[in-house]
Amino acid sequence: MRSLRELYKIGIGPSSSHTMGPVRACERFLEKYDGYDSYEVTLYGSLAMTGKGHGTDRAILGAFGSRRAEVKFDTATKCAHPNTMKFVAFKANGQPVTVMITSIGGGEIAIDGEIPSEHTDVYEHNSFEQVKRYCRENGLRFWQYAAQREGEDVLDYMREIWLTMQSCVNEGLQQEGVLPGGLNVQRRAKMLLTDRNDVNSQTRKDRIVSAYAFAAGEQNAAGGKVVTAPTCGASGVLPAVFMYAKHQQDFTDEQICKALLTAGIVGNVVKTNASISGAECGCQAEIGTACAMAAAGLAELYGMTLDEIEYSAEVALEHQLGLTCDPVGGLVQIPCIERNAVGAMRAINAVSIATFLADSRKISFDTVVAAMYETGRDISENYRETSVGGLAKVYK
């Protein structure tokens, strides 16, 4: 598995696969082919169908700067990966250069014909069971295992990640008005935080957790700075759970940074063995993974056993199976923002269930990851970030 630095990335919303990935692709392409007369980028699959709503074309043209560049949307051609791009560089007196690049989720890209650098593989274990067995044999918590593999300075990186998450939520809680994009979606995070009409302590908790999740989701939708956890579209789940843990349960920033490492191991297992891309596996790959990560991180904060942490993550992901990715208008707003809030509350509930039932569980986390990947590949492409099915189709 790769470094958690490649899972948690700071970037600009609204989409890690539709904006961060394409921008990274432009940068990598220009490293080799800068100085040409003009450029053309053709988007396929999900990128073509929701690229306008996600701002993919604007992100690409911004990355090319003052260079002559054109973005085309090809919704008819089928490619092996739903987030495929064709980059072409032209010169007046030479053959054009063509490179195929895919945006594989979480801001990561894969360039056709290139083998990923080996230095990014810092974990020799690829399944959760392998990681858990190693931790048990060596008396380690999951966060200690991550620090052992990544180096102690990974906690400094987690501090930067946690600061960015908090800033995102705090900024979102101050904002009001309408989100850009034409759907006339009102920001609701500030209202949720200040509403005091709680029926009981449970509704108060749900309201506050939702306020944190809405704040991050709305910032992402507005193109603000977020952390992929594991994606931009699911970037509100972990901050919501951990902000609640800090402000309502008095956990320290240092404890939360360690919990982020535990959460990262869960996200890495999904990323390695399945997918965190909504275009490839639906929203179960994004919100589902974020929910599992948050549950594992919260269980770490509570000092639960390795088996209880695994069960928390397993419950969280299992009950997101089949969740579609159907953003209305190709915007990361409806139903995406609310889904972050639901995912955060589900993560907390999953930990509660694990407290009572971990010793009787039958399903491993690895099993659910495999089922999620199979389910995602079986879902019609209409429900995998193409905005031609589900809510995106029936919404008027």
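Taken together, the values in this text are just the output of simple stated rules run on the coordinates, not laboratory data. What you are looking at is a predicted structure, and each value in this text was computed from that prediction instead of being measured. FYI the Cβ positions are ideal-geometry reconstructions off the backbone, even for glycines, and counts take in every protein chain you see.
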- Top positive-direction residue, dipole computed over the chain with Cβ charges, set Val99, His319, Leu192: Leu192
- Task: Using just the helices of the chain, give the 222 nm mean residue ellipticity in deg cm²/dmol: DSSP H runs with n ≥ 4 each add -39,500 (n - 2.57), and the total is spread over all residues, rounded to 500.
- Result: -16500 deg cm²/dmol
- Message: Compute, for the stretch 183-281, the length of the dipole vector about the Cα centre, with Cβ point charges of +1 (Lys, Arg) and -1 (Asp, Glu) only. Units Debye, rounded to 20.
- Response: 200
- Normalised per residue, the volume inside the convex hull of the alpha-carbon atoms of the stretch 247-287 in Å³ amounts to 79
- Query: Fully extended, how many nm does the chain gain between Ala370 and Asn273 (0.36 nm per residue separation, minus their Cα-Cα distance)?
  - Reply: 34.2 nm
- Message: Just want the answer: with Cβ charges of +1 for Lys and Arg and -1 for Asp and Glu, which residue in Ser352, Thr386, Ile334 is farthest toward the dipole's positive end in the stretch 325-396?
- Response: Ile334
- Would you mind classifying the chain by shape? Square roots of the alpha carbon gyration tensor eigenvalues, ordered a ≥ b ≥ c; an a/c under 1.5 is rounded, otherwise it is prolate if a/b is larger than b/c and oblate if not. prolate
- Message: Within the stretch 288-307, name every residue whose backbone N is under 15 Å away from a label modeled 7 Å from Cα of Arg136 along the Cβ vector.
- Response: 305-307
- Message: Can you tell me how the stretch 159-278 classifies by the Cα gyration tensor, rounded, prolate or oblate, using a/c under 1.5 as the rounded cut?
- Response: oblate
- Task: Find the relative contact order for the stretch 266-377 and round it to a whole percent, using C-alpha pairs within less than 8 Å whose residues are 6+ positions apart.
- Result: 37
- the stretch 74-145: GluC sites (Glu not before Pro) in DSSP coil with no more than 10 other Cβ atoms inside 10 Å: Glu124
- By its C-alpha gyration tensor, with a ≥ b ≥ c as the square roots of the eigenvalues, how is the stretch 46-161 shaped: rounded for a/c under 1.5, else prolate for a/b larger than b/c, else oblate? prolate
- Query: Roughly how big is the stretch 118-246's charge dipole about its Cα centre, with Cβ charges of +1 (Lys, Arg) and -1 (Asp, Glu), in debye to the nearest 20?
  - Reply: 680
- Note on the structure: Relative contact order of the chain (C-alpha contacts under 8 Å, at least 6 apart) in percent is 19
- Length-normalised contact order of the stretch 237-303, Cα under 8 Å, at least 6 apart, in percent, tallies to 46
- Query: Using a Förster distance of 25 Å, how high is the FRET efficiency between Asn382 and Lys72, based on the Cβ-Cβ distance and rounded to 0.05?
  - Reply: 0.65
- Task: Check cross-link reach from Lys396 to the aspartates and glutamates: straight Cα distance under 17 Å, and skip same-chain residues fewer than eight apart.
- Result: Asp326
